[in-house]
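Student: What follows is a structure written as structure tokens; I'll ask about it next.
The values are calculated or read from the model by the stated rules, or taken from the named source; none is laboratory data. Computed from a predicted model, the values in this text were never measured in an experiment. Cβ sites come from the backbone with ideal geometry, for glycine too, and all protein chains shown count toward neighbours. Side chains are part of the model used for accessible areas, which takes the heavy atoms of the whole protein and leaves out ligands, DNA and RNA. Shrake-Rupley method; radii C 1.70, N 1.55, O 1.52, S 1.80 Å.
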Amino acid sequence: MTQKILRAPQSLFDPAGICPPDAYCEAFESPGMARAHWQAVIDSFNAAGMEALNQRQRRVKRIRHEDGATYNPFDDPGGRGTPWALDMIPMALPPDAWAGLEAGLIQRARLLDRVLADVYGPQDTLKKRLLPPALVYANPAFLRTCHGIDPGGNRFLTFYGVDVYRTADGRFRVLRDYGANPAGLGYALENRIVISRVLPDLYHQNRTCRLAPFFNAFQRYLARQAGGRHPEPGIVLLTPGPDSRIYFEHAFLSRYLGYPLVEGQDLTVRNGRVFLKKLAGLEPVDAIFRQTADTGSDPFALRRGTATGVAGLIQAAREHTVDTVNPIGSGFVDTPALAVFLAPLCRHLLGEDLILDSHPAWWCGDAEGLARTLASAGQLDIGPALDPNSSICGADPQIPPMDAIQARPHAFMAREFVSPAVVPVWNGGGVAAQPTLMRFFVCADQQGFTVMRGGLAITAPDIPALMGGCLERQQSKDIWILSDAPVAPFSLMSGLERVAAFNRGSDLPSRVADHLMWLGRYLERAEGLIRLLRCIFRRISSEARIVEIPELHFLLEVLRKANTIAQAPGESGDVPMVRQLAATLDAVLYEPDRPGSVVAILKRVQETARNVRDRLSLDCWRVIDRLDRFAEAKANDTLELMDDTLFALSAFSGLAMESMTRGHGWRFMDMGRRVERALNQISLIRTGLADVSTETRAVLEALLEVCDSIMTYRARYRSAFQTAPVLDLLLMDASNPKSLAFQFNQLADHAAHLPRPDGQRQISTLEEDIAAEMLAAVRRMDLAGLSSHPDNAKRRELVAFLDSMAALLNRFARQIAAHYLSRVQTTPHFSASNGRQP
């Protein structure tokens, strides 16, 4: 189906172009007659005008970008995600159509819940031949290990997703069922938040049903199920991690629902119970909102080599010490061929006829289905019967070899091609008609099941792109379920019946603390390198020739000792040619494969931030997202680009300082910054001492500039740059945020406030002792008598002091990792080949 662009002057919604003869049109009954529930949308868009509508669509795109809404953050070599495309024209469903659809979705959830209960229980449906054994025992989605497990509340399906489309006569049909971990719930919520902000008047005028009651019902049910073990149940959201294609959704739902976002390495099973590994110890977990695949949930029981699961989780579920949503094994619902048998199963298990028909399909495992498939092979979509990831084709049949089908008929099925309804979409120049699928979500409640009154519509220019998962050609829409009566305001917090006990604690998982500490280190590493490069660029961009820049040797030597460049001017005083130097510095800035380059370190910042996305405010994340601009293209003005990047890094630091509570998360991130800043300061001073004797003034000025302390020095000392006052400011002045004393003072304070076993507050830890030793050493340092002469005794003493402080800093970082972060697997952070120990 080709996209039809409408340019009729009288209306943006030209019914002649939107109403195809072979498909159902959501907006128009016939050319010239809009459906009543679409009239308000059509009138509103026509009244706005082209330019205003384009501005709204740009605002939609900007909000999504600021929120960081992406699909698969690691789907390209640059590590950037596919933007979550959102069309601003909502898709409206009237109350009468919704009533029938809602009843059908609830019935289907009830049916699939009973199917799972039987398959993982008595298996009467197999004994009575309502389900063929091959569909179960040859099915990789059926987990034998989970047979016999009775989940809490006898609910085998707690959370359910379903793809629905409209036939040419307007009837709803089910295309796919999702039981393991239905995707899209967070994106549906994001869409609603964005569209209600961009179209507030239209949203309220249409009496659109809220989404919050669904989330409230889900939270209440999960809390009641887990509350039997603990009055304040511990509930977590389990994610595979940032490598997941929908990690944005996991972090978004975690923040919205208030469940800690955890990965498999954050959880452990001890004596049949699941615990969350935190800095202060192990914390019991009563329920898990699982976003991991069935087969990746328990590497021990399922014998799978995976890092996404929790060893022993299935046994804990068997012993009823933890509830999982959905129970492991519920992915059996996703089996494509299961839909073929749902109508008779519904009559047997529920005593009812199936309200929502499934998409017409035939299983090749029985004689009738195989015969029909072979006879009509060119007219049907033939694909895997047991693979839930197989796509449904919209045209151009994909026919497997006939001998393969006949050799393993149970592994194949045939389906009719899909011809879904069309819906209006905005394309920048008008309105076009595109085919659409609708995804809805159902959750268990105390009475049975409840459906979210809204959902996620997916559109694409043609049916193959829609059915084949072609992300770059798809976009989403917000589904509005309209109400006959005024919609009452509702908040997710409105269900609180009692005031919780005051909680000012700030414990967090060890993995999160590890990533926060490294986030601080990478941020400081990036800032330090950019300041150094900016200092170099300012000098080589001036009127002076390179041979007339005496401090350039010192600045380039700092880069060499950090393994950022291969060589620097030798002792003979030779200086690289301008062109060679520019090429070297250009690589240090923009070469992504160079570990110590600016763009590589900024990528580390973004990757580490993604691991703690649920811990960062939206404002902080928007700043992190701006760092993409550095990698997108080389700027014409390199100095301007570095200034802008430093501004973004400073903005993040300011937001973290002002918005993060002074808990363990903030402390670990600040510890990372202090360790990295102190190591950088030591390296700068240690390298600069070699050049102080020959070019004292120029090197000291450059040293102060890189350390962002030159204005302070000039305000305090009206004399020329002198070695002792400069080093006093950079080493011993505890009031200077860039000084070594300031870093040691902060590290000592953080170490004193980290968690420790009960009753041992009065006993100092090893990291406290190391921090105290560093702080005492810098306070005892005496710079009197220091001169620029190479043989000066104080100078040799200062070199020994700097070397010992670098060793103690690395020892402090290792001790923090051993004491608090060893509860998790080693995280993939590296020292960027700069000689520093991680």
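Student: Under 8 Å for C-alpha pairs, at least 6 residues apart: give me the relative contact order for the chain, rounded to a whole percent.
Tutor: Working: 1418 pairs, mean separation 119.8, N = 838.
Once normalised by length, the contact order is 14 percent.
Student: Using Cα pairs under 8 angstrom and six or more residues apart, how large is the relative contact order of region 201-284, in percent?
Tutor: This gives 19 percent for region 201-284.
Student: Hey, another quick one. Given the peptides 350-356, 25-31, arrange them by the average over their residues of other C-beta atoms within 10 Å, most packed first.
Tutor: Numbers: 350-356: 13.4, 25-31: 18.3.
So the peptides 350-356, 25-31, ranked by packing, come out 25-31, 350-356.
Student: Just report the Cα centroid separation between region 599-665 and region 149-170, whole Å.
Tutor: Centre-to-centre distance over Cα atoms comes out at 40 Å.
Student: Calculate, in nm to one decimal, what Glu472 and Ala168 gain on full extension: separation in residues at 0.36 nm each, minus their alpha carbon distance.
Tutor: 106.7 nm
Student: Let me ask something else about it. Heavy atoms of the protein only, probe of 1.4 Å, neighbouring chains included. What is the accessible area of Met33 in Å², nearest 10?
Tutor: Using a 1.4 Å probe on the heavy atoms, I get roughly 100 Å².
Student: Between Arg538 and Arg318, how many nm apart are label points set 7 Å from Cα along the C-beta direction?
Tutor: Label-label distance for Arg538 and Arg318, simple model: 6.7 nm.
Student: Taking just the alpha-carbon atoms of region 122-185, what radius of gyration and Dmax come out, in angstrom?
Tutor: Final numbers for Rg and Dmax: 15.4, 44 Å.
Student: Hey, can you rank 509-517, 288-296, 661-669 by average C-beta count inside 10 Å, highest first?
Tutor: 509-517, 288-296, 661-669
Student: With both partners inside region 197-325, how many of the DSSP beta bridges are antiparallel, as a percent to the nearest 5?
Tutor: Working: 8 of 17 bridges.
That works out to approximately 45 percent antiparallel.
Student: What Rg and what Dmax come out for region 252-302 when only alpha-carbon atoms are used, in angstroms?
Tutor: 11.8, 32
Student: Now for a different question. What does the highest-first list of 186-193, 405-412, 450-457 look like by mean Cβ count within 10 Å?
Tutor: Order by mean packing, descending: 450-457, 186-193, 405-412.
Student: What is the extension gain from Ser719 to Asp507, computed as 0.36 nm multiplied by their sequence separation minus the C-alpha to C-alpha distance, in nm to one decimal? Present the calculation step by step, with values, prior to reporting the outcome.
Tutor: Working: separation 212, 0.36 × 212 = 76.32 nm, distance 4.98 nm.
The Ser719-Asp507 span can extend by a further 71.3 nm.
Student: Apply the Debye scattering formula to region 414-484, with a single equal point scatterer on each alpha-carbon and no solvent, then give log10 I(q)/I(0) at q = 0.11 Å⁻¹.
Tutor: Debye intensities relative to I(0), on a log10 scale: -0.36.
Student: Next question. Express the carbon and sulfur contribution to the solvent-accessible surface of the chain as a percent, rounded to the nearest whole number, probe 1.4 angstrom.
Tutor: 51
Student: Charges at C-beta only: +1 for Lys and Arg, -1 for Asp and Glu. How large is the resulting dipole of the chain about its Cα centre, in Debye rounded to 20? All intermediate terms of the calculation are to be shown ahead of the outcome.
Tutor: Numbers: 92 positive and 93 negative charges, 262 e Å.
Here the chain has a charge dipole of around 1260 debye.
Student: Considering only DSSP beta bridges with both partners in the chain, what is the antiparallel share in %, to the nearest 5?
Tutor: If we restrict to bridges inside the chain, about 75 percent are antiparallel.
Student: Let me ask something else about it. Between Ala752 and Asp593, take the C-beta separation as r, use R0 = 51 Å, and let me know the FRET efficiency to the nearest 0.05.
Tutor: Calculated value: 0.75.
Student: Ignoring everything except DSSP H segments at least 4 long, calculate the 222 nm mean residue ellipticity for the chain; use -39,500 (n - 2.57) per segment, divide by total residues, nearest 500.
Tutor: -13500 deg cm²/dmol
Student: If one computes P(r) from the Cα atoms of the chain, what percent of pairs lie at distances over 46 Å?
Tutor: Roughly 37 percent, once rounded to a whole number.
Student: Can you give me the accessible area per residue for the chain, using a 1.4 Å probe, in Å²?
Tutor: With all protein chains present, the chain gives 41 Å² per residue.
Student: Hey, what angle do you get for helix 39-48 against the long axis of the chain, alpha-carbon based, 0 to 90 degrees rounded to 10?
Tutor: 40
Student: For helix 510-540, report the angle its Cα long axis makes with the longest principal axis of the Cα atoms of the chain; keep it between 0 and 90° and round to the nearest 10°.
Tutor: For 510-540 against the chain, the angle is about 50 degrees.
Student: Where does helix 552-561 land angle-wise versus the long Cα axis of the chain, in degrees 0 to 90, nearest 10?
Tutor: Value to nearest ten degrees: 50.
Student: Please give, to one decimal in nm, the separation of the simple spin-label points placed at Ala807 and Ala404, each 7 Å out from Cα toward the Cβ.
Tutor: Inter-label distance under the simple model: 6.5 nm.
Student: What FRET efficiency comes out for the pair Arg629/Asp353, r = Cβ-Cβ distance, R0 = 35 Å, nearest 0.05?
Tutor: Working: r = 58 Å, r/R0 = 1.65.
Once the sixth-power term is evaluated, E becomes 0.05.
Student: Sticking with this one: Name the residues of region 139-154 whose amide N is less than 11 Å from a point 7 angstrom out from the Cα of Asp366 along the C-beta direction?
Tutor: Within reach of a label on Asp366: no residues.
Student: Further question: Identify the residues of region 351-381 with backbone N under 17 Å of a label point that sits 7 angstrom from the Cα of Asn154 along the Cα-to-Cβ direction, or state none.
Tutor: Zone members listed by number: 351.
Student: Evaluate E = 1/(1 + (r/R0)^6) for Leu766 and Asp445, where r is the Cβ-Cβ distance and R0 equals 45 Å; express this FRET efficiency to the nearest 0.05.
Tutor: For R0 = 45 Å, the calculated efficiency reads 0.30.
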